[in-house]
1. If MET353 satisfies every condition in (1) more than 16 Å from the ligand (Cβ to nearest atom); (2) open to solvent by 20 Å² or more (accessible area, probe 1.4 Å); (3) free of Cβ contacts under 8 Å to residues at least 40 places away in the same chain but one, which is the exception?
2. If you check LEU348, LEU327, which single one turns out to be modelled with pLDDT of 95 or more and under 21 Å from PRO235 (Cβ atoms)?
3. Determine, yes or no, whether LEU255 is of a type in the set (A, V, I, L, M, F, W, C), within 16 Å of the ligand (Cβ to nearest atom) and open to solvent by less than 30 Å² (accessible area, probe 1.4 Å).
4. Regarding THR332, is this residue hydroxyl-bearing (Ser, Thr, Tyr), more than 9 Å from the ligand (Cβ to nearest atom), open to solvent by 20 Å² or more (accessible area, probe 1.4 Å) and touching a residue at least 24 places away in the same chain (Cβ under 8 Å)?
5. Which members of the range 127-184 meet the condition of being under 27 Å from ILE314 (Cα atoms), assigned to a helix (DSSP H, G or I) and open to solvent by less than 40 Å² (accessible area, probe 1.4 Å)?
6. Can you confirm whether the range 189-210 contains a residue that is at pLDDT below 90 and exposed (fewer than 12 other Cβ atoms within 10 Å of the Cβ)?
7. What are the pairs with Cβ atoms under 6 angstrom where one residue, in the range 290-311, is farther than 16 Å from ALA133 by Cα and in contact (Cβ under 8 Å) with a residue 24 or more places away in the chain and the other, located anywhere, is more than 15 Å from the ligand (Cβ to nearest atom) and in a helix (DSSP H, G or I)? Sequence gap at least six, or different chains.
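The values are calculated or read from the model by the stated rules, or taken from the named source; none is laboratory data. None of the values given here were measured: they were computed from a predicted structure. Ideal geometry is used to build each Cβ from the backbone, glycine not excepted, and the neighbour counts take in all protein chains shown. Side chains included, ligands, DNA and RNA excluded: accessible areas come from the protein's heavy atoms. Shrake-Rupley method; radii C 1.70, N 1.55, O 1.52, S 1.80 Å.
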Amino acid sequence: MLSLPKNFESFNDARKKSFMALYEAKQAGKKVVGTFCSYTPVELINAAGAISVGLCGKSEQGIAEAETRLPKTLCPLIKASYGMAMTDQCPYFYFSDGILAETTCDGKKKMYELMSLLKPVHVMNLPQGRDQAMAIESWTEEVKRAAKFLEGLFNVTITEDKLHDAIVYRNKVRKAIVDLYEVAKMKPSPVSGYEISTVAESADFHFTDDDLVAKIERTTREFKERIRNDGEGRPRVLITGCPNAGVRDKIIKRLEELGADYVCADNCAGPRTQKFMVDENSDPYRAIAERYLKINCSVMTPNTARFDDIKALIDEYQADGVIEIVLHGCHTFAVEAYTTMNIVQNDLGMPYMRLDTDFSQSDKGQIETRLGAFIEMMTAA
Ligand code: BJ8
């Protein structure tokens, strides 16, 4: 029997609404699998007849509670994700039948051990030295193992046909999202990057039967037709580093309000990851493994392709400067930031700024001052 969380009445209206939307989808028989990372092969989830939902924490909510079990020095994304889950504040976690996760950074993979006390969690072993010959073999086995987990969870069989359909569908969604991002290649961009990224992210929360691809394509067309009168002369910024959804208002929204355009993200939600498609004409498990292993996240070592991507994206999106976001406690992106800085500042001779931050509002004023100075620097360059 499906029930709402005990603390439901204490939620605000927006949260109650999200809970009810998913409650209705579940009542209608939908199965839900929660995910935390771009390495999760969502095709498997769809082929098992379930919907996938992104669960990463994006605000301070839940962090204080999480810190009763997790170290305070852990990355805010991990603490918020776990805190929201343990306090039943996240409708998407609450209604998830299971979680499909991977061994990415140390903090995340250890957090999953605690999370598995709350829900069935399957952790895929992601090979991090992906240049090694065995990496693709072992990752293909992990994709198959994850499929078995989902088959057991839902008592279904993932047939090759279902998997093929899911691959074709997911490729279409990715292509639509890349086209949406590419609106910002126009100079000036007719629409703010904040708005584009918000629409792109909404694809992670699609629970109805309406056509997601058509919806994204419609928005892309509308964006392209927009007329913007204040676009000329605004410096264009590429944002790289950690996932930025939890600091989007504090950094990206403010950056745009102060007079720059956020035109591209070099991160796991942006075009550099969405552009990878699954080969529709070869062994589906191997093809899925190959596609996901291409993702240039800092948990990989070495991760040189990420820097090639940054250079290519700067060029394609005509960026005037790069801002790197490093969340407190994220060692992998913090270490790679040294290389990003060298490439952007020294090799390309462009303005670069690194912002170390978390999901709190305590550094809002300081960040705003630095964003203002960075815009001046780009304008003068
Ligand atoms: S593919 S970026 S979603 S791992 S910021 S939790 S790395 S300590 S989020 Fe990530 Fe997948 Fe990579 Fe993307 Fe750890 Fe760093 Fe926190 Fe991170």
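1. Answer for MET353: the failing condition is (2).
2. Criteria check complete, one pass: LEU348.
3. no
4. Working: hydroxyl-bearing (Ser, Thr, Tyr): yes; more than 9 Å from the ligand (Cβ to nearest atom): no; open to solvent by 20 Å² or more (accessible area, probe 1.4 Å): yes; touching a residue at least 24 places away in the same chain (Cβ under 8 Å): yes.
Here the answer is no, as THR332 does not meet what is asked.
5. Those that are under 27 Å from ILE314 (Cα atoms), assigned to a helix (DSSP H, G or I) and open to solvent by less than 40 Å² (accessible area, probe 1.4 Å): ARG170, ASN171, VAL173, ARG174, ALA176, ILE177, VAL178, LEU180, TYR181, VAL183, ALA184.
6. yes
7. That search, which allows pairs on different chains as well, returns PHE307/ILE343.
Matching residues to (1) under 25 Å from ILE295 (Cα atoms); (2) outside any helix (DSSP H, G or I); (3) touching a helix residue (DSSP H, G or I) at 6+ places or on another chain (Cβ under 6 Å); (4) of a type in the set (Lys, Arg):
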{"position": "PHE19", "(1), (2), (3), (4)": "no, no, yes, no"}
{"position": "THR40", "(1), (2), (3), (4)": "yes, yes, no, no"}
{"position": "LEU44", "(1), (2), (3), (4)": "yes, no, yes, no"}
{"position": "SER52", "(1), (2), (3), (4)": "yes, yes, yes, no"}
{"position": "LYS58", "(1), (2), (3), (4)": "yes, yes, yes, yes"}
{"position": "LYS72", "(1), (2), (3), (4)": "no, yes, no, yes"}
{"position": "TYR82", "(1), (2), (3), (4)": "yes, no, yes, no"}
{"position": "ALA85", "(1), (2), (3), (4)": "no, no, yes, no"}
